[in-house]
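Working notes for the structure below.
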Amino acid sequence: MSLDTVASAQTSPDTKQPFAELGLKPDEYARIKEILNRRPTSSELAMYSVMWSEHCSYKSSKVHLKQFGEKAPHSDALLVGIGENAGVVDVGQGYAVTFKIESHNHPSFIEPYQGAATGVGGIVRDILTMGARPIAVMDPLRFGPADAPDTKRVLPGIVAGIGGYGNCLGLPNIGGEITFDQTYLGNPLVNALCVGVMRHDQIKLAKASGAGNLVVLFGAKTGGDGIGGVSVLASETFGASGPAKRPSVQVGDPFVEKVLIECSLEIFAEDLVVGIQDLGGAGLSCATSELASGGSGGMQVQLDKVPLRDPSLSPEEILMSESQERMCAIVEPKHIARFLEICAKWDVTVDVIGEVTDGDSLIITWHGEVIVDVPPRTVAHEGPVYNRPFAQPDYINIVNAQNIDVPLPKTAAEIKAAMLTIASTPNLADKSWVTSQYDKYVQGNTILAQPEDAGMVRVDETTQLGVAISTDANANWSYLNPYEGAKLALAEAARNIAVAGAKPLAVTNCLNFGSPEDPGVMWQFAETVRGLADGCLEMGLPVTGGNVSFYNQTGDVAILPTPVIGVLGVIQDVRTRTPMGIPAAGLDLYLLGETKNDLAGSEWAFLHNQRGGNSPIADLQREMKLIDFLLANNSIFKSAHDLSQGGLAATLIEATLKNNIGATITLTDAGIELLSETPSRVLIAIDPQDAAKITYPATKIGTTGGTSLTINDAEISLAELRTAHTETFPKLFG
Amino acid sequence: MRIGVVTFPGTLDDRDAARAVKYAGAEAVSLWHGDADLKGVDAVILPGGFSYGDYLRCGAISSFAPVMTEIIAQANKGMPVLGICNGFQVLCEAHLLPGALTRNHELHFLCRDQTLKIENTTSAWTTNFTKGQEIVIPLKNGEGSFQCDDETLKALEDSNRIIARYVGENPNGSRNLIAGITNERGNVVGLMPHPEHAIDSLTGPTTDGLPFFTSVLSALVGK
Amino acid sequence: MGKIVVDVMLKPEILDPQGKAVAAALPRLGFSFATDVRQGKRFEITVDGDVTPAQIAEVEKAAEVLLANPVIETFTVRSE
Amino acid sequence: MGKIVVDVMLKPEILDPQGKAVAAALPRLGFSFATDVRQGKRFEITVDGDVTPAQIAEVEKAAEVLLANPVIETFTVRSE
Ligand SMILES: Nc1ncnc2c1ncn2[C@@H]1O[C@H](COP(=O)(O)OP(=O)(O)O)[C@@H](O)[C@H]1O
Ligand SMILES: [Mg+2]
């Protein structure tokens, strides 16, 4: 086996290298040669290829994402913005909160359990890396049709994987989404959100500074996980025999991660690190180059010091390995003994693999020979940037010109049938078959969790300070109008926070799209980012970070554009939170906001196989007025529940079934009023004597009590409604 | 009164158990799995979680921890010990309690608010309940199905050693709907559901779990 | 390098929900051969050098105290 | 009544957290024989009458689609 060193690269400029197989374009390969002034070694080639991949370099999305910075509203709350592992927000009382969403879509299709599990593991490490204790997770999911055979393989595995990993870490799962659509059949979406909390002075950044400081790798040993691509390289380099088979799937060990969390928090508490980075995509290549690039640039790493699970790994493979549950820290020599002691207490594998140096090169050696010598910024932060062509796809004008023509219920029998359909359709049916597989109680601070509008966790037991989070996406609207769709998803997430009684503060997002090489998809993406940036500016909510997932398509068919928007809010006293379920009989029900004919993109249209029309236009001024009203009058709401997918029909079903308290509702145009999905609406229950306090456009639609949901002359017993609502998932997946 | 709460690697509900101890009015003392030292506590709680990842069998690897050697010795002398969920599994693996906890019959982790009927009100951890009292506390586990042979089952039933049973549909396939049991002496109790998550209705479904923790204080004071 | 295998199965009288689930799934996939399925664990233990009877005896002890729970399981040990 | 056994193990290159946990626990209990432990599954399938080659072939098919996940696991089928 011959080692491809920097010295040999200098003397063999004409060696053929498999850059194309590694996903690099000829001009990208040429640029690497230009940067290095020679051909790259195989290790350097491996590093550049993964760091310049779409996933790590954001090369197609960067030019658009920069709007989040350019249009950023002024916010005193933002402590760490885009660019770090996760953004950090000030929530008061000296507390800082960090939150982020990541996707693990493709791996979860190949191996649902492990793909989803390692997705949770990855986002939790991103949060931990900021210096925070992870305190909750959420999981927005998208699947193919509920009754498709492959969904029966994919959904139970993904759900078990999310639960298996998150439960074992002791992180309450406080919310998520599950939506079904044909376009996700070969490409399910597994997005995972994690939120963590720390004191202001505990914030950690990914930077390596201070010559002489040590580079420490701790956590799991390195195996051959997720290096399928790089094996190409190894086999080219090492001749026909080639390396052993490398797994295409990563397997997670949540127990190791749990121990790693506790160990890291103990290390943070004693302030023993200068900088820290988790190992995620692109493994050590990413961690070392980002740490060095974030600092002054100089770092030396002895790759042979990395503890291996599989001793047959080549240096290229070690650099690329995506083995889970690993972290890389920069530690001052005076703290290393204590650092190692804490690792020993938790039985965590740890090794010093290098040190920070003067100068600006990242130098990696293998048994004394230099195999990498690169300017780290060129690997980590100065990758290629594409201005991909984009153009409005032809379908837009076609679908926007279509009229929605669906039967609307009028008679008592029709209303009842429509209510039972809405109650039982997979997109709106009770999800407890899924959510009961998640621990929502662990840590003892969960105030609200699924099926509430927002998840809410207490941050401080003494002051009762808390945070709320909601994630939302309406891909049907984004399909009709991605610009408005993004704003509407933002509005919905913010509304969900306010409905629960918390003040919206900051935004994260996970943008799931098809291929950026398709100008139509690229247009959907560009419009989405523009809409989200405009919306955030108008609502005064900074984007703190996020994730872009491209290439979500099966053959030529892209998924619906699916921007998942997460909003974080703060609540001063969690005891004032407002739950969604009607708590008592004898209350008045009011609908806040105005209902228009907004059936395009609605669940009712979807149920009638209609995909056309125009999405609503987001009115964020109105949304903010509604949010202000909700926050100012929180104390009079006995319950409050947002209207979204499935309109008033779905909201009434959920609000009555929650505590098994019925309602009697009177509507003038029941069909539209029940099924339209006009945004900016909320159902509230109040004491009749508080009626005068409603200073927002509202309609009294009924009263609470009884054992039925009665709408005009349609009476549906809660028992029947409950059966329809709860039997769908067990029947499909049980 | 000082009540020890053990942390194994992978323990999750230790903070919650300690909080419940404080709510009940006692001092919580954290005990580390690797130290064979009970720090002079009057009683011990083995909390829930996934100790050692729950690999092999839940609770199996933890039952050999140094701290367990001490706990087993003290339990045999009458010290009150409560094992919740993973703690119950540890107590069975350590043979302080009979039987074993196996995979839920539906093969899923199950987290839900569960109604229980308290049957034994004489153990160290249940004197503040009334016989037949129904309570609602969270159940959350993947391997909560209590199994034992017929002879053991009969012995448990005949000597009033069933602490609580599930009410309604069997959530996990446990024999005779058993949710918790005690040893012959009544000082060691294992319980699958989580009373420490039902001490404050802000964060749990009820406050029905609190009497488990106040009971042991009464038991210790009465001694 | 030798290999010792330990098979651990639930005692026949103990409920085996995993085996039952497999037995129920097989006919749904068109497989009709099984009258019963039980699911257990298999441990493959690598030892230095050839397997000795003393090692087998050690593994038997380990199976008794750790690898199997005699309350609900039985085990067999063999070199392979 | 015949018995067919299917052994399912994680592929050698795939991380086996369970085997790792057992391997770490053994020395703590004073057992030093193991250089590595892998944990897999064992299925015991009961069939009517004697085991036939056709049945073995069927079980192999079932192992492929249900009992094992070929992405991360390998299996062997035999009559016992
Ligand atoms: N859609 C997005 N919106 C805002 N920020 C984004 C988005 N996608 C990625 N980012 C930011 O770009 C940076 C790099 O992202 P990423 O490479 O995914 O980080 P990591 O590898 O740590 O997960 C992060 O700060 C991330 O928050
Ligand atoms: Mg990161």
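The values are calculated or read from the model by the stated rules, or taken from the named source; none is laboratory data. Remember, predicted model here, so these are calculated numbers, not experimental data. Every residue, glycine among them, receives a Cβ derived from its backbone with ideal geometry; neighbour counts consider all protein chains shown.
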Of the residues in region A:620-643, those that are of a type in the set (Ser, Thr, Tyr) and surrounded by fewer than 21 Cβ atoms within 10 Å (Cβ to Cβ) come to A:Ser635
The lone condition C:Glu58 fails out of (1) of a type in the set (D, E, K, R); (2) surrounded by 17 or more Cβ atoms within 10 Å (Cβ to Cβ); (3) touching a helix residue (DSSP H, G or I) at 6+ places or on another chain (Cβ under 8 Å) is (3)
Residue pairs qualifying under the 7 Å Cβ cut-off, at least six apart or on distinct chains, with the first in region C:25-41 being surrounded by fewer than 17 Cβ atoms within 10 Å (Cβ to Cβ) and the second being of a type in the set (Ser, Thr, Tyr) and part of a strand (DSSP E or B), are C:Thr35/D:Thr46; C:Asp36/D:Thr46
request  = For C:Gly49, state whether it is facing chain D (nearest Cβ under 7 Å) and in contact (Cβ under 8 Å) with a residue 24 or more places away in the chain.
outcome  = no
Note on region B:125-147: residues more than 14 Å from chain A (Cβ to nearest Cβ) and either without any contact (Cβ under 8 Å) to a residue 24 or more places away in the chain or out of contact with any strand residue (DSSP E or B) (no Cβ under 7 Å at 6 or more places or on another chain) (or both) are B:Thr127, B:Asn128, B:Thr130, B:Lys131, B:Gly132, B:Gln133
Exactly one of B:Leu101, B:Leu110, B:Leu97, B:Leu116 is within 14 Å of chain C (Cβ to nearest Cβ), closer than 21 Å to B:Ile199 by Cα and of a type outside the set (D, E, K, R), and that one is B:Leu110
Consider A:Leu511 carefully, then state whether it is within 11 Å of ligand 1 (Cβ to nearest atom), modelled with pLDDT of 95 or more, closer than 24 Å to A:Asp126 by Cβ and part of a helix (DSSP H, G or I).
no
Being more than 13 Å from chain A (Cβ to nearest Cβ), closer than 29 Å to D:Gln18 by Cα and either among the β-branched types (Val, Ile, Thr) or under 14 Å from the mean Cα position of the chain (by Cα) (or both) narrows B:Val44, B:Val29 down to just B:Val44
- Test: residue in region A:323-333 that is under 18 Å from A:Lys207 (Cα atoms), surrounded by fewer than 19 Cβ atoms within 10 Å (Cβ to Cβ) and more than 14 Å from chain B (Cβ to nearest Cβ): yes
Being at pLDDT 95 or above, within 14 Å of another protein chain (Cβ to nearest Cβ) and in contact with a Gly (Cβ under 7 Å, 6 or more places away or on another chain) narrows A:Leu448, A:Leu490, A:Leu505 down to just A:Leu448
Within 16 Å of ligand 2 (Cβ to nearest atom), more than 14 Å from chain D (Cβ to nearest Cβ), part of a loop (DSSP other than H, G, I, E, B) and not acidic (Asp, Glu): is that true of A:Gly131 in this structure? yes
Inside region B:169-209, the number of residues satisfying the requirement of being within 13 Å of chain A (Cβ to nearest Cβ) and either under 18 Å from B:Asn86 (Cβ atoms) or not β-branched (Val, Ile, Thr) (or both) is 15
Here the residues within region A:125-144 that are away from ligand 1 (no atom under 15 Å from the Cβ) and either more than 30 Å from A:Val274 (Cβ to Cβ) or of a type in the set (Asp, Glu) (or both) are A:Met138, A:Asp139, A:Leu141, A:Arg142, A:Phe143, A:Gly144
Okay, strands (runs of 3 or more DSSP E) sitting entirely in region A:515-619 with 1 or more residues that are within 16 Å of ligand 2 (Cβ to nearest atom), surrounded by 22 or more Cβ atoms within 10 Å (Cβ to Cβ) and more than 14 Å from chain B (Cβ to nearest Cβ), I get A:543-549
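Hydrophobic (A, V, I, L, M, F, W, C) and over 36 Å from the mean Cα position of the chain (by Cα): which single residue out of A:Ile665, A:Ile653, A:Ile686 fits that description?
Exactly one of A:Ile665, A:Ile653, A:Ile686 is hydrophobic (A, V, I, L, M, F, W, C) and over 36 Å from the mean Cα position of the chain (by Cα), namely A:Ile665.
Among residues belonging to region D:5-21 that are more than 14 Å from chain B (Cβ to nearest Cβ) and assigned to a strand (DSSP E or B), point out the one that is surrounded by the most Cβ atoms within 10 Å (Cβ to Cβ). Before you say what the answer is, go through the steps one by one.
In the first step, residues of region D:5-21 are kept if they are more than 14 Å from chain B (Cβ to nearest Cβ); the result is D:5-9, D:11-14.
Checking which are assigned to a strand (DSSP E or B) leaves us with D:5-9.
Values: D:Val5: 17, D:Val6: 24, D:Asp7: 20, D:Val8: 19, D:Met9: 22.
Ranking the candidates gives D:Val6 first.
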Subset of region A:107-124, residues small (Gly, Ala, Ser) and more than 16 Å from ligand 1 (Cβ to nearest atom), comes to A:Ser108, A:Gly115, A:Ala116, A:Ala117
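Yes or no, residue by residue, for (1) at pLDDT 95 or above; (2) within 9 Å of ligand 1 (Cβ to nearest atom); (3) under 20 Å from A:Ile469 (Cα atoms):
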residue	(1), (2), (3)
A:Ser49	no, no, no
A:Glu54	no, no, no
A:Ser61	yes, yes, no
A:Lys71	no, no, no
A:Ala77	no, no, yes
A:Gln93	yes, no, yes
A:Ala96	yes, no, yes
A:Phe99	yes, no, yes
Residues of region C:22-45 being in a loop (DSSP other than H, G, I, E, B) and more than 7 Å from chain D (Cβ to nearest Cβ), in sequence order, are C:Gly30, C:Ser32
Being away from ligand 1 (no atom under 16 Å from the Cβ) and at pLDDT 95 or above narrows A:Ala192, A:Ala160 down to just A:Ala160
Considering region A:292-313, residues that are more than 14 Å from chain D (Cβ to nearest Cβ) and at pLDDT below 95, and then whichever is farthest from ligand 1 (Cβ to nearest atom), we arrive at A:Gly298
Scanning region A:153-165 for residues that are at the interface with chain B (Cβ under 10 Å from one of its Cβ atoms) and in contact with a Pro (Cβ under 9 Å, 6 or more places away or on another chain), the one surrounded by the most Cβ atoms within 10 Å (Cβ to Cβ) turns out to be A:Val159
The strands (runs of 3 or more DSSP E) lying wholly within region B:57-119 that contain at least 1 residues that are within 29 Å of C:Val22 (Cβ to Cβ) are B:100-102, B:110-118
In region A:526-535, anything touching a residue at least 60 places away in the same chain (Cβ under 8 Å) and within 10 Å of ligand 1 (Cβ to nearest atom) is listed as A:Val529, A:Leu532, A:Ala533
